[in-house]
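Where a number appears in this text, it was derived from the coordinates with a stated rule and is not lab data. All of these numbers come straight from a predicted model, not from anything done at the bench. Positions of Cβ are backbone-derived with ideal geometry, glycine not excepted, and every protein chain shown enters the neighbour counts.
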Amino acid sequence: MLVAFSVLAAVFFFLDPVEEVFFPKCVFHSLTGYYCPGCGSQRAIHSLLHLNISGVVNNNVLLIPAVLAMVYGLSVPEINRRFNKDYKNLLYHKQAPLVVLIIIVLFWILRNIRFFPFSVLAPG
């Protein structure tokens, strides 16, 4: 798993999704003209790997809380193991999937509203 993650990170670091033709295009956007919650994620990952936070925000701001949630989700069990603690992982709360779903759906709707301030949520 770590090898696959490292290979993908290297691909996104060295190849720019804007310039390379083999990166897949969003099927939802191609068919409807609307942005899905993932639109701009490939460019945002490329920007994140180059520590270009404004590029991440410009392409898909939802990537920032997603990465933070992944770091949190991986950190809590490791902290518990290393320091013999019993911190509860909030991502395992029974309401967490519903909260995440609501955030994603709201982001999906808001980024397709074509006037300010919502228009800034549309990718790049």
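What does the charge add up to near GLY73, with Lys and Arg as +1, Asp and Glu as -1, over the other residues with Cβ less than 15 Å from its Cβ? Every neighbour counted, the sum reads +1.
Taking R0 as 22 Å, what's the FRET efficiency between LEU49 and LEU106 from their Cβ-Cβ distance, rounded to 0.05? Efficiency computed from Cβ-Cβ geometry: 0.20.
Taking 0.36 nm per residue of sequence separation and removing the Cα-Cα distance, the LEU68/LEU31 pair yields an extension gain of 10.2 nm.
Taking trypsin sites (Lys or Arg not before Pro) as exposed when their DSSP state is a loop state and no more than 16 other Cβ atoms lie within 10 Å, the longest site-free interval of the chain runs over 26-84. Note on SER119 and GLU20: the extension gain reaches 33.0 nm, defined as 0.36 nm multiplied by sequence separation minus the Cα-Cα distance. Helices of the chain meeting both criteria, an alpha-carbon length of 24 angstrom or more along the long axis and an average Kyte-Doolittle score not below 0.0, with helices taken as full DSSP H segments, are 63-83. Under the simplified labelling scheme, the LEU91-VAL57 pair shows an inter-label distance of 2.4 nm, with each label point 7 Å from Cα along Cα→Cβ.
Summing Lys and Arg as +1 and Asp and Glu as -1 over all other residues whose Cβ lies under 12 Å from the Cβ of TYR34 gives a net charge of +2.
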